[in-house]
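J.: So that we are looking at the same thing, I have put the structure below in structure tokens.
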Amino acid sequence: MDVFCFLSRSREAKARLEQHRLRLYRIAYAWTHNTALADDLVQETLAKALKNSSQLRDPNAGEAWLYSILSNCYRDHFRRQRATEEIDDNTLTHESTPEKESSDQQVVLKVRAAIAKLSEGQRQVVTLIDIQGMSYMEVAQILNVPIGTVMSRLCRARNALKDLLEDFAPKTAAEESNIRRIK
């Protein structure tokens, strides 16, 4: 279908242009979900199509050509909206690296596994106090046990976690170098 041969016939041109405009608008709205932006993209598309109508080689490909112009207008719109920053002047440093995140994830998995090895009572107390940040009194009420029981379970749980996670504990200089002191 020759989209631009209608320039000489105004009534027929208006009908074809309106038909394409509605189709282009539906596509633009589906892409953007913004009525104003969709209108702007369609207007820009039709303006470019009319301006560059001589570039259309195959009159039967007119509709596809319009959609490709719409696609380019859509892409160009977001290129213009993108904030640019000169990266050569910036020093790129970030505390979070893939290695650090992987290491942190391994620590989290080890701690979860260690907590899972605790008895049920110890696990409940540790998760409620150390992870959820509840008070001893709140935990005692939740578990329906005396506050002394909460404190002893917490102490035993922390000691058990200390033993289970000792490979993550920071080592002293003497432990790292395996040097013995002789007095």
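The values are calculated or read from the model by the stated rules, or taken from the named source; none is laboratory data. Please read these numbers as outputs of a predicted model, since none were measured by experiment. We place every Cβ from the backbone using ideal geometry, glycine too, and count neighbours over all the protein chains shown.
J.: Charged (D, E, K, R) and either exposed (fewer than 15 other Cβ atoms within 10 Å of the Cβ) or modelled with pLDDT of 70 or more (or both), is that true of residue 16? Give the derivation first.
T.: Values: charged (D, E, K, R): yes; either exposed (fewer than 15 other Cβ atoms within 10 Å of the Cβ) or modelled with pLDDT of 70 or more (or both): no.
Answer is no for this residue.
J.: Specify which of the listed residues (110, 117, 100) is over 18 Å from residue 161 (Cβ atoms) and surrounded by 11 or more Cβ atoms within 10 Å (Cβ to Cβ). Spell out the reasoning first.
T.: Numbers: 110 fails: over 18 Å from residue 161 (Cβ atoms); 117 fails: over 18 Å from residue 161 (Cβ atoms).
Just one listed residue meets the conditions, 100.
J.: Does region 82-94 contain any residue that is in a helix (DSSP H, G or I), modelled with pLDDT under 85 and surrounded by fewer than 16 Cβ atoms within 10 Å (Cβ to Cβ)?
T.: no
J.: Which of the residues belonging to region 120-137 are modelled with pLDDT of 90 or more and not in a helix (DSSP H, G or I)?
T.: 135
J.: Also, quick follow-up: Looking only at region 143-183, filter to residues that are acidic (Asp, Glu) and under 30 Å from residue 121 (Cβ atoms); which one of those is modelled with the highest pLDDT? Walk me through it before giving the result.
T.: Taking region 143-183 as the starting set, the residues that turn out to be acidic (Asp, Glu) are 163, 166-167, 175-176.
Those still in the list that are under 30 Å from residue 121 (Cβ atoms) too: 163, 166-167.
Numbers: 163: 90, 166: 85, 167: 77.
Among them, the one singled out is 163.
J.: Need pairs with beta-carbon distance below 8 Å; first residue within 12 Å of residue 161 (Cβ to Cβ) and within region 126-138, second of a type in the set (Gly, Ala, Ser); sequence gap 6+ or separate chains.
T.: Between residues of region 126-138 that are within 12 Å of residue 161 (Cβ to Cβ) and residues that are of a type in the set (Gly, Ala, Ser), the close pairs are 126/157.
J.: Additional query: Take region 31-45 and flag every residue that is surrounded by 12 or more Cβ atoms within 10 Å (Cβ to Cβ), of a type in the set (A, V, I, L, M, F, W, C) and farther than 12 Å from residue 67 by Cβ.
T.: Narrowing region 31-45 to residues surrounded by 12 or more Cβ atoms within 10 Å (Cβ to Cβ): 31-32, 34, 37-45.
Next, only the ones that are of a type in the set (A, V, I, L, M, F, W, C) stay: 31, 37-38, 41-42.
Correct list: 37, 38.
Residues are listed down the side, and each one gets a yes or a no for (1) in a helix (DSSP H, G or I); (2) within 36 Å of the chain's Cα centre (by Cα):
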position	(1), (2)
20	yes, no
24	yes, yes
28	yes, yes
41	yes, yes
44	yes, yes
48	yes, yes
57	no, no
64	yes, yes
